[in-house]
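Step one of this worksheet: look at the structure below.
Bear in mind that the values in this text are calculations on the coordinates, not laboratory data. Model, not experiment: these values are computed from the prediction. Cβ atoms come from the backbone with ideal geometry, glycine included; neighbour counts cover every protein chain shown.
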Amino acid sequence: MIPPMATNPIPPFPAGFLWGVSTSAHQIEGAADERLPSVWDTFTAEPGRVKDGSTAAVACDHYHRYPEDVALLSGLGVDAYRFSVSWPRTRFDEGRGLDFYDRLVDELCAAGVRPVPTLFHWDLPDGLDWLERDTAHRFAEYVSVVAERLGDRVKKWITINEPAEHTLLGHALGTHAPGRQLLFDALPAAHHQLLAHGLAVRALRAAGATDIGVANSHGPTWPASEEPADVEAAAFYDLLLNRLFADPLLLGAYPEGLGELMPGDVRSDLKVIAEPIDFYGVNYYAPTRVGAPQGTEIDFGGVRMPAELPFSVREIEGVPVTDFGWPVVPEALTELLTTLKSRYADRLPPVVITENGCSYPGVDDQDRIAYLDGHIRALHRAVEAGVDVRGYFVWSLLDNFEWAEGYERRFGLVHVDFETLERTPKASYTWLRDVLKAQR
Ligand code: FCB
């Protein structure tokens, strides 16, 4: 249980601050028969990959129920909705799969909710591979098609979601699709996603876009002790999570030692990767405590971490945890943002929190309210400390298919009964609606 909440109202955020919620295509849409398969469809079909043996074939059936979900968004009073476009769906039926996003964007605009599409949220078309450089070029072609189609109504774009997690879980450790266990040989997948981002920025600019960002996962990394081996291991983990993607994007260079591990001569790619962006999206959930390797394989929140890794993730003691086992430390969000600001200074564009949320069961979700309340206040402290933060998106609107965890982890402000697909707003939905009203 999270400690009692502050009783004073959440202080006002700057005028024009963007309040929203986030989802992703594979996690909510369903209608698998109206898309080409993605690597996630192939992965979930393999026995033992997803904890509850489920797939995202139906998920929340958002594909058919999107008008009801847009009504939930407008009832919540958000300014914006971050969803993702499923690349394999856009290829379905000779490209007619893209019609769905046309309908969704129209529905959002009619409801006065700003559409904020993410162009890649892990559901790579089956048959493509991030280890191949060509995938970055294919991505840019697809982005041009989407921008051409939706660019008259979509003004704010996100290129890719959490390339760090997609590289680590999907290509290095194998707990996510495509299920590879390449450890450090996964780094080309990181480089090609970064290149894809840069090429996508160019494609969006060519289509007239003026508000483009990325959504990267970040979190403070705390050494397990002051012992040099722990401090060194934590610094290395920090490099992988907080700098491997941010440094090339914002500074045009890989952190020391990592550029050499990338495929080929990356100097000209870095110019593409560092194309200026208009906002920097941060997905924040929790800090990580890291120590020297312990010589054994560990299971950390369902992720199997082999003994060969040059670090080991440790428990953060004395803080509450969500039902996923993730530590709840709101002040780490303030720390993260002030660290990003001091690390990147004027190279850091305005920040948008593109995901923040927690998994808890139940409809009377007081724990989620306390989590969100704590994090929104922590965000406000970062604004007071001078970080230019322009928006905050809760993960997620609906309970959904939480990747390898299946349907057991519930992150939604709205409960979904996966038998009947009935939606029930939780206590946190009503609470957030009232917070947004007060902000206005
Ligand atoms: C993030 C993902 C998102 C969701 C949340 C809980 O890493 O971007 O799809 O799974 O975690």
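Some values worked out for this structure:
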{"read-out": "Label point 7 Å beyond Cα of ASP323 along Cβ direction - residues of region 368-409 with amide nitrogen under 17 Å", "value": "368-372, 395-409"}
{"read-out": "Length added when fully stretched, GLU132-VAL303, from 0.36 nm per residue minus Cα-Cα", "value": "59.0 nm"}
{"read-out": "Amide H within-cut-off set for ILE353, under 5 Å, with H built and near neighbours excluded", "value": "VAL282, ARG390, GLY391, TYR392, PHE393"}
{"read-out": "Ratio Rg/Rh [Cα only; Rh per Kirkwood] for the chain", "value": "0.93"}
{"read-out": "Potential lengthening between GLU68 and ASP152 on full extension [0.36 nm per residue; Cα-Cα distance subtracted]", "value": "27.8 nm"}
{"read-out": "Relative contact order of region 18-439, pairs being alpha-carbon contacts under 8 Å that are 6 or more residues apart, as %", "value": "17 percent"}
{"read-out": "Interchain or long-range residues, amide H under 5 Å from SER38's placed H", "value": "ASP126"}
{"read-out": "Spatial extent of region 75-208: Rg and Dmax, with the Cα atoms as the point set, Å", "value": "15.5, 47"}
{"read-out": "Estimated vicinal HN-Hα couplings, Hz - region 28-37 in sequence order (Karplus 6.51, -1.76, 1.60; Gly, Pro = x)", "value": "10, 5, x, 6, 5, 7, 10, 8, 6, x"}
{"read-out": "Whole-angstrom gap from region 224-282 to region 18-76, using each part's C-alpha centre", "value": "31 Å"}
{"read-out": "Choice from LEU187, LEU309, LEU199 showing the highest fluctuation, given a GNM over the chain with Cα pairs closer than 10 Å", "value": "LEU309"}
{"read-out": "Region 269-307 residues near the modelled ARG205 label - backbone nitrogen below 12 Å, point 7 Å along Cα→Cβ", "value": "271-278"}
{"read-out": "Total formal charge among the other residues, if their Cβ is under 14 angstrom from that of ASP134, Lys/Arg +1 and Asp/Glu -1", "value": "-2"}
{"read-out": "Charge dipole magnitude, Cβ of K and R +1, D and E -1 - the chain, Cα centre, debye nearest 20", "value": "1280 debye"}
{"read-out": "Between region 150-178 and region 114-147, the Cα center-to-center distance that results, in Å", "value": "9 Å"}
{"read-out": "With at most 16 neighbouring Cβ atoms within 10 Å, loop GluC sites (Glu not before Pro) (DSSP) excluded, longest segment of the chain", "value": "1-131"}
{"read-out": "Bridge type composition, the chain - antiparallel percent by DSSP, nearest 5", "value": "25 percent"}
{"read-out": "Contour minus Cα-Cα distance for ASP364 and ASP417 (0.36 nm per residue)", "value": "17.6 nm"}
{"read-out": "Cα-based shape type of region 14-74, given that a ≥ b ≥ c are square roots of the gyration tensor eigenvalues and the cut on a/c is 1.5", "value": "prolate"}
